[in-house]
1. For PHE115, all conditions in the list (1) modelled with pLDDT of 95 or more; (2) under 29 Å from the mean Cα position of the chain (by Cα) hold save one; what is the number of the exception?
2. Just checking, does segment 268-287 include any residue being assigned to a helix (DSSP H, G or I), farther than 24 Å from ARG88 by Cβ and in contact with a Leu (Cβ under 8 Å, 6 or more places away or on another chain)?
3. Cβ-Cβ distance below 9 Å, separation of 6 or more or different chains: which pairs start in segment 323-340 with a residue that is within 16 Å of ARG140 (Cα to Cα) and end on one that is of a type in the set (A, V, I, L, M, F, W, C) and not in a helix (DSSP H, G or I)?
4. Filter segment 274-301 down to the residues that are modelled with pLDDT under 90 and of a type in the set (Val, Ile, Thr) and list them by number.
5. Select from segment 118-143 the residues that are aliphatic (A, V, I, L, M) and crowded, with 16+ Cβ neighbours inside 10 Å and write down the one among them that is nearest to the chain's Cα centre (by Cα).
6. Return yes or no: is LEU201 in contact with a Leu (Cβ under 7 Å, 6 or more places away or on another chain) and either at pLDDT 90 or above or aliphatic (A, V, I, L, M) (or both)?
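The values are calculated or read from the model by the stated rules, or taken from the named source; none is laboratory data. Because the structure is predicted, anything quoted here is derived from the model rather than measured. All Cβ positions, even for glycine, are placed from backbone atoms using ideal geometry, and neighbour counts span all protein chains on display.
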Amino acid sequence: MQGAIPYWGAGGVMDSVDRAIFNEALVLLGEDGAPFFTPGKDVAYYVEGPSWINNHIHVLRPMSCDGRFLKYALNSVDYANYITGATRDKLTQDDLKQIEVPNPPLEDQRRIADFLDAETARIDHVSGKFTTFRERLAERRNAVSEDALGWLVAPSEGGVRLKGICRVVDVRAGVSAEVLPLLSVSIHRGVVPRSEMTDRLARADSFENYKICATGDIVLNRMRAFQGAVGVGRLDGLVSPDYLILRSSGDIAGDLLHHIFRSPRFIAEMASRIRGIGSVDQGNVRTPRINWEDLGDIRVRILPAADQKQLLSVLEAEVAQYERLRGKIDHQLSLLAERRQALITAAVTGQFDVTTASGRNVADGVSA
């Protein structure tokens, strides 16, 4: 039941409930689904007082150490040698027990924890400002998109069904898997090479069953399309077998159709057709997916070719400006995340004396 007790999962506090299963100082470490390989993202947390902790996070009871220091020490670990799992990063209890962390005298642990509490709070404050800037930028883009494209998403009695202007493409890689790049669909960037999103190697033993995406094809991550995970291919490549690939019949430009797919009104139409367990509105759908049978029933209006070209030109200019500004913000956030991670690692491993360190060149204010 809903309440005031924090409900913890691998990604942090997920909700609040009306009763606790713990009421003490604890260190929590993600078991599966935690951002083990995302710089600046915590995978360990220190909690005090009542809490409810789900089964996706390890519960550690500090005994001969400062719990806050242990949290920072665990957030400085390189988990590459400890994570298993074919499709989802998982830290088993046996692997957890193999992790080694520094263990300086208790007083030193407390001093380090005090220092990091203050310095990470300053970094998080600055990061929060940049995140707010990014959110406002996204709101502006959505408003522009809705104004320009919302009316093209037709009601049930108007326009034409997607089934009439798109077709599903399902060509498997086979031996071509050895020469084509692996692509992913980013909520913010559309279809991009997977190497630009992560430097971790894909886990699939073979990519022969992956689908071939051709330049100009529209690709949807069926599990996250209602969050904006859709884009147009800018090069030939391979995508997950679970992705949906669509090709325009020519009545509407593929690039324009891609913008329509990412518009707030079209995303709302997709969200209303999501199949899964739970509620899209509450963000708790399990195994959500949009199927072509449902997606293909959404109707859009078809503009004359000249009007399509003019609208696309306006949209591309707006997107270019948005990407430029968002890129600057993301760069600053990345630098702050790296700084935070490096600071934690250096402090817990004794690379500098926290009693003589202050500020660490992190500004209290930002401008953008």
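1. So PHE115 meets the others, but not (2).
2. Yes, segment 268-287 has at least one match.
3. These pairs meet every condition: LEU325/ALA368; ILE329/ALA368.
4. ILE274, ILE277, VAL280, VAL285, THR287, ILE290
5. In the first step, residues of segment 118-143 are kept if they are aliphatic (A, V, I, L, M); the result is 118, 121, 123, 126, 137-138, 143.
The next check asks that each one be crowded, with 16+ Cβ neighbours inside 10 Å; those that pass are 123, 126, 137.
Working: ILE123: 20, VAL126: 20, LEU137: 17 Å.
The qualifying residue nearest to the chain's Cα centre (by Cα) is LEU137.
6. On the way: in contact with a Leu (Cβ under 7 Å, 6 or more places away or on another chain): no; either at pLDDT 90 or above or aliphatic (A, V, I, L, M) (or both): yes.
So LEU201 does not fit the description; no.
This table checks each residue for (1) of a type outside the set (Gly, Ala, Ser); (2) farther than 30 Å from TYR322 by Cβ; (3) touching a Phe, Trp or Tyr at 6+ places or on another chain (Cβ under 6 Å); (4) without any contact (Cβ under 8 Å) to a residue 40 or more places away in the chain.
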| residue | (1), (2), (3), (4) |
| --- | --- |
| ASP78 | yes, yes, no, yes |
| ARG141 | yes, no, yes, no |
| LEU149 | yes, no, no, no |
| LEU162 | yes, no, no, no |
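Residue-wise test of (1) under 24 Å from the mean Cα position of the chain (by Cα); (2) charged (D, E, K, R); (3) over 27 Å from ASP117 (Cβ atoms).
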| residue | (1), (2), (3) |
| --- | --- |
| VAL47 | no, no, no |
| PRO50 | no, no, no |
| HIS56 | yes, no, no |
| MET63 | no, no, no |
| GLY67 | no, no, no |
| ASN75 | yes, no, no |
| THR84 | yes, no, yes |
| THR92 | yes, no, yes |
| ASP95 | no, yes, yes |
